[in-house]
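The values are calculated or read from the model by the stated rules, or taken from the named source; none is laboratory data. Nothing here was measured: the structure is a model prediction, and the numbers come from that model. Reconstructed Cβ throughout: ideal geometry from the backbone, glycine too, with neighbour counts over all protein chains shown. Remember, those area values only see protein heavy atoms, side chains included, never the ligands or the DNA or RNA. Shrake-Rupley method; radii C 1.70, N 1.55, O 1.52, S 1.80 Å.
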Amino acid sequence: MLSYRHLFHAGNFADVFKHTLLTQLLLALHKKEAPFCYLDTHAGIALYDLQHAWSQKAQEHEQGIARVWQRDDAPPALQAYLDCVRRDNPNARLRWYPGSPRIARTLLRERDRMVLSELNVEDCAKLEAVFASDRQTSVRHMDADAALNMFVPPRERRGLVLIDSPFDRAREFERLVQSLKRAHARWDTGMFALWYPLMQPGIMRRFERLMINSGVRKVLRAELALHSETWTLGMRGCGMLIVNPPWRLEQSLRPLLQWLWQVLSPAGEGGVRLDWLVPEAPVAAPRIRSRQRN
Ligand code: SAM
């Protein structure tokens with residue numbers, strides 16, 4: 001039984017963070033002519049009505065996209081993402097929030113394609129309706145792991161996999177590391193983006209260790225926190241691991257995340273973290289020469 005419904009959370013600060021990164025990764029794929037494939041393993045419904053009762057319940061978008069979408073001092077790199085949101089809200093009133101499939105679709109060129117998997121029957125039906133006549137999009141009612149098994153590596157051998165679990169079951173960090181490890185073993189040059197919520201420090205340290213020991217290399221970590229580690233009243237922040245990120249992504253991402261943090265955390269709590277959780281190659285231990293005995 002799937003209880004998680006993203007409509008309760010659509011457009012919150014975590015979506016703003018995630019979709020900002022998603023647009024940067026997809027735009028980087030435009031740098032080469034060759035086609036790419038985007039796989040969204042937990043696709044959601046692609047378009048969220050922020051006036052819906054579920055969305056209105058906690059109005060999480062008020063602390064998220066509502067703070068960002070009309071800012072005229074946004075960094076240029078944010079433009080592609082903000083354009084998507086503005087296109088869906090042409091009357092300067094925030095009513096609709098585009099999910100990852102809809103944002104990604106605007107960044108597909110004619111030769112690119114995307115595959116969306118969603119396990120919730122109702123949500124999948126909505127997703128199918130959105131992309132019904134789209135030849136570049138394939139929608140599958142399917143579990144994320146089954147989709148990873150079936151579509152990785154894509155025939156293009158270029159692209160991005162977004163793994164955006166709702167974290168609605170225990171031991172999800174462990175499960176995701178295993179899924180990522182298996183998918184990476186089949187496609188070690190692919191770009192993978194794995195979203196996660198910031199939980200208690202002990203849980204995060206364990207996740208960090210699992211990733212470091214997974215054998216997956218070249219993992220960039222981006223995190224945005226709006227509250228300190230002791231905050232317990234909800235999600236204090238979130239992060240994304242990016243495997244095989246575009247060249248020099250960290251340089252362009254840092255000012256972008258810093259700007260988002262300032263806008264999304266008016267109280268000035270939390271902060272941004274951007275570092276290599278696992279660098280490209282293991283750091284070679286200095287070689288100590290043994291003295292030759294005569
Ligand atoms: N990626 C979407 C976006 O950014 O707009 C949001 C996705 S939401 C966080 C997670 C989605 O995963 C929900 O729609 C949920 O129904 C779906 N889901 C939950 N478990 C799943 C599974 N095992 N496989 C595929 N989808 C799953």
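Data for the structure
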read-out	value
Helix 13-29 vs. the chain, principal-axis angle (Cα, 0 to 90°, nearest 10)	70
Tilt relative to the chain, helix 172-186 - C-alpha long axis, 0 to 90 degrees, to 10	70
Cleavage-rule hits, GluC sites (Glu not before Pro), the range 40-115, DSSP coil, Cβ neighbours within 10 Å at most 14	E110
Amide H partners (placed H, <5 Å) of G190, local residues excluded	none
Apportionment of accessible area to carbon and sulfur, the chain, percent (1.4 Å)	51
Listed pairs K57/K218; K57/K181; K31/K218; K31/K126; K126/K218; K31/K181 exceeding 29 Å between Cα atoms	K57/K218; K57/K181; K31/K126; K126/K218
Helix-only mean residue ellipticity at 222 nm for the chain, each DSSP H run of n ≥ 4 adding -39500 (n - 2.57), per residue, nearest 500	-11000 deg cm²/dmol
Whether the range 9-74 is rounded, prolate or oblate, judged on the alpha carbon gyration tensor where a/c under 1.5 counts as rounded	oblate
Dipole of the chain, positive end: most advanced residue of S100, M235, L256 [Cβ charges, Cα centre]	L256
Spherically averaged projected area in nm², based on the convex hull that wraps the Cα atoms of the range 1-155	9.6
Label-point separation, E33 to W247 (7 Å along Cα→Cβ), nm	1.8
Built amide H within the under 5 Å cut-off of W96, gap 5+	L50
Those GluC sites (Glu not before Pro) in the range 240-281 that DSSP places in a loop and that have at most 11 other beta carbons within 10 Å	E280
Cα gyration tensor category, rounded, prolate or oblate, for the range 6-278 with a/c compared to 1.5	rounded
Per residue, in Å², the accessible surface of the range 6-278 once ligands and nucleic acids are set aside, probe 1.4 Å	45
Tilt relative to the chain, helix 249-264 - C-alpha long axis, 0 to 90 degrees, to 10	50
Cβ-Cβ FRET estimate between R209 and A146, R0 fixed at 35 Å, reported to 0.05	0.80
